[in-house]
1. Kirkwood Rh over alpha-carbon pairs of segment 190-276, then Stokes-Einstein at 10 °C and 1.306 mPa s: what D in µm² s⁻¹, rounded to an integer?
2. Fewest first, what order do 251, 74 take by the number of other Cβ atoms within 10 Å?
3. For 86, 250, what's the fewest-to-most ordering of other Cβ within 10 Å of each Cβ?
4. Counting pairwise Cα distances across segment 220-271, what percent come out greater than 15 angstrom?
5. Quote to one decimal, in nm, the extra length available between residue 203 and residue 254 on full extension: 0.36 nm per residue of separation minus the C-alpha distance between them.
6. Take each of the peptides 188-198, 225-235, average the number of other beta-carbon atoms within 10 Å over its residues, and list them starting from the highest.
7. So what does log10 I(q)/I(0) come out to for segment 49-293 at q = 0.16 Å⁻¹, using the Debye formula with one equal point on every Cα and no solvent?
């Protein structure tokens, strides 16, 4: 004997009292299958989905291979030529000024272990196939955070006061992308985009690198032009996407990472998004939590 009976899935807005559930077709979402063979009987949730999934992962940087050069010209004289990605100097106002590892990307790889919550149970698993489910990623990695890097040559032309030419006016400085921060054991909150600007040491130009948060703590947004009453104070970076304006922690907390889960019992798929991250101190290991979209 096989008996199939539909029951209503309760949303957060209802108490677990069937009299409170509207009698509509869209609330019929869970199917319990009872199978009987003589005196043996078992029940299984045929189309149930995990309430949440936590995946163990590791973070790895991708090296910057660009070999960009900056030239500073003042009054038609070449003051200096700087290899941008050689010997970076972090701004003294940065709270991570001793970290000198910048990268073009941070790749997050699934470490083949995780847990999922189904009802009142928390179950551990190994690999992408577990119990009735299968994990599907869009590529061979779980997630990738990309940073904007400087490519090619930059030529800064300054007037007699040292202000840089920009369109039809002059600016105090220009801001350029410099990749992103990564350090083994660093918290994902510190893994963010960096920018650089030129500074003059006597008549020789130098570079100062800052994380975005270091300037924002001073009330400056390096992704926007800062204006004075006349002309510009400085010219910001315009090609940062929304994800490149926030750190890795906030990106994962706010659903930028998505996975697809297949229920193999009914051959249907459901999308899950990241909503939290735990970092194991002094390692490059994290656990990312996912909930249904």
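1. 98 µm²/s
2. By the 10 Å Cβ count, ascending, the order reads 74, 251.
3. On the way: 86 9, 250 15.
Ordered by Cβ neighbours within 10 Å, fewest first: 86, 250.
4. Summing the P(r) tail past 15 Å for segment 220-271 gives 65 percent.
5. Roughly 13.8 nm would be gained on extension.
6. Values: 188-198: 22.6, 225-235: 14.0.
Ranking the peptides 188-198, 225-235 by packing returns 188-198, 225-235.
7. For segment 49-293 at q = 0.16 Å⁻¹, log10 I(q)/I(0) is -1.08.
Since every read-out is calculated from the coordinates, none of them should be taken as a lab result. Predicted, not measured: the structure shown is a model, and the values here were computed from it. Neighbour counts are summed over all protein chains in view; Cβ atoms, including those assigned to glycine, are modelled from backbone coordinates with ideal geometry.
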